[in-house]
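Everything on this sheet refers to the single structure shown next.
The values are calculated or read from the model by the stated rules, or taken from the named source; none is laboratory data. Given the structure is predicted, the values throughout are model-derived calculations rather than measurements. Here Cβ is always computed from backbone atoms with ideal geometry, including for glycine, and neighbour counts include all displayed protein chains. Keep in mind that these areas ignore ligands, DNA and RNA; they rest on the heavy atoms of the full protein, side chains included. Shrake-Rupley method; radii C 1.70, N 1.55, O 1.52, S 1.80 Å.
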Protein chains: 2
Amino acid sequence: MQFHHHGYVSGDPKVEPAAGVGIDRPEDLPDEVDVLIVGTGPAGMVTAAQLAQFPNVTTRVIDRRGGRLEIGQADGIQARSVETFQAFDFAAELTAEAYWITEMNFWKPDDEDPSRIVRSGRAVDDETGNISEFPHLIVNQARVLDHFAQFMANSPARMKPDFGYELRSLEVADEGDHPVTVQLAGTAGDNEGQQRTIRAKYVLGGDGARSKVRESIGCTMAGNQANHAWGVMDVLANTDFPDIRTKCAIQSGSGGSILLIPREGGYLFRMYVDLGEVDADNKRAIRSTTIDEIIAHANAIIHPYSLDVRSVAWHSVYEVGHRLTDRFDDVLPEDIGTRTPRVFIAGDACHTHSAKAGQGMNVSIQDAFNLGWKLGHVLDGRAPESLLSTYSAERQVVAKDLIDFDKEWSTMMAMKPEEFDDPSELEDFYVRTAEFPAGFMTEYAPSMLTAGPTHQDLATGFPIGKRFKSATAVRVCDTNPKHIGHQARADGRWRIYVFADEPAAGAPSRAADFAEWLDTSAESPLAATPSDADRDAWFDVKVVYQQDHTNVDINAVPTVFKPQVGPFQLTNLEKVYGALPDDDIFDARGLSRDGAVVVVRPDQYVAHVLPLTATDELAAFFAPILQSRPAVGQAAGSTPS
Amino acid sequence: MQFHHHGYVSGDPKVEPAAGVGIDRPEDLPDEVDVLIVGTGPAGMVTAAQLAQFPNVTTRVIDRRGGRLEIGQADGIQARSVETFQAFDFAAELTAEAYWITEMNFWKPDDEDPSRIVRSGRAVDDETGNISEFPHLIVNQARVLDHFAQFMANSPARMKPDFGYELRSLEVADEGDHPVTVQLAGTAGDNEGQQRTIRAKYVLGGDGARSKVRESIGCTMAGNQANHAWGVMDVLANTDFPDIRTKCAIQSGSGGSILLIPREGGYLFRMYVDLGEVDADNKRAIRSTTIDEIIAHANAIIHPYSLDVRSVAWHSVYEVGHRLTDRFDDVLPEDIGTRTPRVFIAGDACHTHSAKAGQGMNVSIQDAFNLGWKLGHVLDGRAPESLLSTYSAERQVVAKDLIDFDKEWSTMMAMKPEEFDDPSELEDFYVRTAEFPAGFMTEYAPSMLTAGPTHQDLATGFPIGKRFKSATAVRVCDTNPKHIGHQARADGRWRIYVFADEPAAGAPSRAADFAEWLDTSAESPLAATPSDADRDAWFDVKVVYQQDHTNVDINAVPTVFKPQVGPFQLTNLEKVYGALPDDDIFDARGLSRDGAVVVVRPDQYVAHVLPLTATDELAAFFAPILQSRPAVGQAAGSTPS
């Protein structure tokens, strides 16, 4: 965390200086905004939190609720989400209050007495730690949203949601500076009964499975109808079931099954209880299942154990459906390439599926992390509008993969024990596919943002199109071993990691030549950075030498790796790393000893891998991504006036 | 972190339920309080934070300042303090914002050209990790105080400081329920000009080196006068000195020296700059040294490098003195044993020394952590007043050791290079004595709170009288590997760790017999717990089995290790541990395979080690510590009504 460089900070350093001098940030929702976000769920809040780092973009986020979410349905937090929380400054806090899944247990009917369940297996979650250095957590969605709200409030744009408005209609004009017109109705507090017309440059619908925004842009959801019902309950109970605080898949001889998810705080747990096939002619019957009936089902399934429920925090009945839209924006297939999108949808508005793979909130967060910086770059004048077309292209595929995965998992969860070929089939599937639900299987296809694999062999551990998997190196200036990926905040910046060739800092080398080009060439992407902004305002450039930190002479390191920043033009020394002798990042990530350049997007995905000599290729990659026109206002991270 | 067991918590779980129904907690400072704390420095705030866990004790903390501290002098955070912050719920947050010392570098004059300094050595801070699992940090005192204030505000007593009052006088009467009378004067805000008379049961003076409370109880400070002056500055600067972000001791050929302490945030650093001997006849001259002169001295010392200071956050000139009081309370030596104390002093009010060993704030925190629970237990009716006599007895010795250590360190820091016998003498001293400044050398002598070493061989890794050094075990219920010591919050409870003998849970064993006695015997310390409080309200009892978690049958574990708590009487399953096969706590802490009982005080010091059969000895140990009369009100941790 860097601070004090704009002057001494006495209070919480997570509260960044407010920025955007001269920008109107009215208390009440204004009539014109740059971005209007509908819905304060994960998709809406993450996009808003990201845009809060762009203080010259006016972003507002509305919700029909009158205030913060009190209790949400989602609770599964995959490691990729925790990695994302790290970028939004709250991974440590959330981890401290969450339930941490280290093992999943499987229960099945006892062969000798199928009326009784017995433990059939234990699977360790990410046993080798190969998937991620972040944990797999369970915590209520409401708390995740609280943390994103805090990040927004701490950000330079000082944003907070406008509660108590719902969308009534949305229209997109063919032209104009604010072509999207939305009609809102007040739903709570002082807003109640109000009718508002808001004009926006862009609108995001994060308004859930029944999205009005989706409907307005003519998207439809396609997929199968639900035919299996589940009761879900968050309860406080005493029990003799010995694994009550461990995630369990429980299959009973009577045919029912339970997915048990222990919750944060040491006592609460969630059960997804199998209610069986839905009678298509009488759906109402199953939907009116009471909490007492759900508890009775649960008790039958876990026999010979039993539950004594003392308090019910929440419960619901739902049917599993898998549905998906074919596009995540308002550009019809026939218009692709001729116009760029003005309206987007994200999260449940695009994809619905069962809750039991614990994916919904996580995929929504990544939808938003993908979109947020793109809106920020376009509105900040850094990038052309064509950047926005990549959102639907990239995320629709991810949603389709999710639906396919979830169909398989939830079908297996609903199968009777005798339907499995092998008793350990469910457990094997869980272990074999662990990288998917952890959130790390996403691999973006080549596009304007994702290069082809030409130079992938220079950095085999940083697959192009996948998220940058952090590794450790030693920060030279303070000798701290650091995960270099964890130094990447969600600040909207591109990152260029320069892995040096063999010569030490100060000696002639390809790394030194590359640094010189990056610093001084008119073709360098850094040349696009506004002259009144900090040198590292748009691109965060770090170098990792092959030497250990005691053999890196900080004074000999090229200046592009030690930018001078802020009103005092202080030298930032924290971008220079040496390899850890015991855990060499060059070995850990398959990096060429001839060096490599790894380009990482603001949402942490690897965009390109290049040789240190490929300056033309790097310039060509960034040319269509960078807008040549000057910034419309003050850039994020720039020097406040 | 445990929550939800009193019903679903939607918001921040660190905010505990407010408690103390029927207790008057007026907004304004009342005329009568249980404890009045003078000063919101580390000593005062930690004591207040601890007492905030005792909602039936009325504690108020005053300060002559009108609000929170903006910038403080102390910044060194030893590992023991971070361990303490863990108990107060904020170690992770503070670590994230602090500077982390991993290495200390030493610079001395170049043999060939003594006008130039060269790096002579690097010392890794706690290289093996043997001293502590917590880091050695640098962060401003103001932020530490903010976090303690937050803990107070989140605690059941919902406390906040009363700013804008200073102490004018203090008198202790021989009798009465509130025998201490203090006169306060308003100093800021609405209080200005007010005169108040407050009557208290106890008063703590955490009012600094010129303590009025100390003066009121007739304590004097003895020690040597300062004769060496230092300039200290917190600055933002650019420099070619390569180790500017690493802690350094720099000795120049010209005779001056610098202690360089990098500060949090990546840019700010502190320098203690040697200003030489103080001319006793002209102290004013050195005290009026300007910031420009300090910078000039610094530049001369670091030649051939130089500093370009861009902003000065703070600076001061001070002379090193080492002074100590002979007692930390108002009981004269001749009255010891005939009366118990009513007034205490802590922190700088008791001991002053140089800042450069980074000890002041840390020792003050431990003074307060020692005293806080004792006041809480006496006022809560758990313990007799004699407990309070142990504070001065225990802490005065620690302060004396500190003064001795600091004299040695600061003398060496002020020595000229040619005065050392060996050029690496300073570096050797730093490495050799590392456990002391890390805060772990404190070892309380036998007393009513600290048993003798009779059974120490049963748990050689938990030395009696020293702080409980955490180790890892697996929590059985959720299969989470945990540092068992980190589960100990600063909640004022005694902890009894039962390390089981060889039989597994459920089999006849000494551990099972001990558990039965603890649960049911009238002689058990647990029998003192009020019947209307949770079973674990006064004693947190945990068990660690020798088996790994897959071989501990949670249903066979004795009930004393699975208390039922809260309004729903839910079973707390989080007190049962198994050994980690790869890092067996029995081996790591030298625990007997015949089992052992380790008793740990609320301030984390080991009070006793006993065999599992020594029930009489355990009962005898607690007899003088536990008050037989009933609690005066609602106990901390009890069931709210």
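The DSSP beta bridges internal to chain A are antiparallel in roughly 75% of cases.
Based on Cβ point charges of +1 for Lys and Arg and -1 for Asp and Glu, what charge dipole magnitude is obtained for chain A about its Cα centre, in debye rounded to the nearest 20?
For chain A, the charge dipole is close to 1180 debye.
Pairwise Cα separations in segment A:348-484 fall into 5 Å bins from 0 onward with the following percentages, short to long: 2, 8, 14, 15, 15, 15, 13, 9, 5, 3, 1, 1, 0.
Which whole-number value in Å³ per residue fits the convex hull of the alpha carbons of segment A:173-222?
Convex hull volume per residue, Cα atoms: 97 Å³.
In the structure displayed, which of A:LYS482/A:LYS562; A:LYS108/A:LYS247; A:LYS108/A:LYS416; A:LYS469/B:LYS247; B:LYS469/B:LYS575 lie more than 21 Å apart, Cα to Cα? From A:LYS482/A:LYS562; A:LYS108/A:LYS247; A:LYS108/A:LYS416; A:LYS469/B:LYS247; B:LYS469/B:LYS575, over 21 Å: A:LYS469/B:LYS247. Ordering A:VAL124, B:VAL541 by accessible surface, largest first, gives A:VAL124, B:VAL541; the 1.4 Å probe counts only protein heavy atoms, with every chain in place. Only protein heavy atoms count here; on that basis, with a 1.4 Å probe, A:THR220 has an accessible area of about 100 Å².
First compute the accessible area of segment B:456-622 with a 1.4 Å probe, then give the percent of it belonging to carbon and sulfur atoms.
About 47 percent, which is the carbon plus sulfur part of the accessible surface.
Going toward the positive end of the dipole of the protein assembly as shown, with +1 on Lys and Arg Cβ and -1 on Asp and Glu Cβ, which of B:ALA92, B:MET412, A:VAL609 do you reach last? Of the options given, the answer is B:ALA92. For the rotation that carries chain B onto chain A, the axis lies closest to a Cβ at B:ALA92, 2, where the number is the distance in whole Å. Where the centre of each part is set by its Cα atoms, how far does segment A:21-77 sit from segment B:387-465, in angstrom? First find each Cα centre; the distance between them is then 54 Å.
Two tests apply to each whole DSSP H helix in chain A, Cα reach of 24 Å or more along its axis and mean Kyte-Doolittle hydropathy of at least -1.0, and the ones passing both are A:360-379, A:389-414. Provide a list, ordered by number, of residues in segment A:266-302 showing at least 50 Å² less accessible area with every protein chain present than when their chain is taken on its own, using a 1.4 Å probe. When all protein chains are present, A:TYR267 each give up 50 Å² or more of accessible surface.
If you restrict to DSSP beta bridges whose two residues both lie in segment B:492-599, what percentage is antiparallel, to the nearest 5?
45 percent
Ordering A:GLN183, B:VAL124, A:THR220 by Cα displacement along the dipole of the protein assembly as shown toward the positive end leaves A:GLN183 in first place; charges were set at the Cβ atoms of Lys, Arg (+1) and Asp, Glu (-1). In nanometers and ordered shortest first, the copy-to-copy spacing of the A:LYS160 label point, defined 7 Å from Cα toward Cβ, is 1.6. A straight line joining the Cα centroids of segment A:218-252 and segment B:249-278 runs 61 Å. Per residue, the protein assembly as shown exposes 36 Å² of accessible surface when a 1.4 Å probe is rolled over the protein heavy atoms with every protein chain present. Averaging the sequence gap over all C-alpha pairs within less than 8 Å and six or more residues apart, then dividing by the number of residues, gives chain A a relative contact order of 15 percent.
Distance distribution P(r), chain A, all Cα-Cα pairs, bin width 10 angstrom from 0: 3, 15, 25, 25, 18, 10, 4, 0 percent. A viscosity of 1.002 mPa s and a temperature of 20 °C, combined with the Kirkwood radius over C-alpha pairs in the Stokes-Einstein formula, give segment B:250-357 a diffusion coefficient of 124 µm²/s. When only Cα pairs below 8 angstrom with a gap of at least 6 residues are kept, segment B:456-622 shows a relative contact order of 36 percent.
Taking the Cα centre of segment A:254-365 as reference, the dipole from Cβ charges on Lys and Arg (+1) and Asp and Glu (-1) amounts to some 280 debye. In a DSSP loop and with at most 16 other Cβ atoms within 10 Å, the GluC sites (Glu not before Pro) in segment A:1-93 are A:GLU27, A:GLU70.
Each listed q (0.14 Å⁻¹) maps to a log10 I(q)/I(0) for segment B:160-250 from the Debye sum over equal C-alpha point scatterers, namely -0.74. Here's the picture: charge each Lys and Arg Cβ at +1 and each Asp and Glu Cβ at -1 in chain A, and of A:SER386, A:MET152, A:TRP314 the one pushed furthest to the positive end of that dipole is A:MET152. Charge dipole (Cα centre; +1 on Lys/Arg Cβ, -1 on Asp/Glu Cβ; no other charges) of the protein assembly as shown amounts to roughly 2200 debye. Interface area, chains A and B: about 5100 Å² of buried accessible surface, summed, with a 1.4 Å probe and ligands, DNA and RNA left out. Ordering A:GLU385, A:GLU394 by accessible surface, largest first, gives A:GLU385, A:GLU394; the 1.4 Å probe counts only protein heavy atoms, with every chain in place. Starting from the Kirkwood Rh over alpha-carbon pairs, what translational D in µm² s⁻¹ does segment B:456-622 have by Stokes-Einstein at 10 °C and 1.306 mPa s? Estimated via Stokes-Einstein, D reaches 101 µm²/s. Against the criterion of solvent-accessible heavy-atom surface with a 1.4 angstrom probe, B:GLU264, A:GLU334 sort, most first, into A:GLU334, B:GLU264.
Distances, shortest first, from the label point of A:ASP308 to those at the same position in the other copies read 7.4 nm; the point lies 7 Å along Cα to C-beta. Per the Debye calculation on the protein assembly as shown with a single equal scatterer at every Cα and no solvent contribution, log₁₀ I(q)/I(0) for q = 0.08, 0.09 Å⁻¹ amounts to -1.04, -1.32. Using protein chains only (no ligands, no nucleic acids) and a 1.4 Å probe, work out which residues of segment A:550-586 have their accessible area cut by at least 20 Å² relative to the chain alone. Going by heavy-atom accessible area, the residues of segment A:550-586 that drop by at least 20 Å² are A:THR550, A:ILE554, A:ASN555, A:PHE568, A:LEU570, A:THR571, A:LEU573, A:GLU574.
Contact order for segment B:519-574, expressed relative to its length and based on alpha carbon pairs under 8 Å spaced 6+ residues apart, stands at 28 percent.
Two decimals, Cα atoms only, Kirkwood Rh: what is Rg/Rh over segment A:1-146?
1.13
With label points set 7 Å from Cα along Cα→Cβ, the inter-copy distances at B:ASP111 are 7.7 nm, sorted shortest first.
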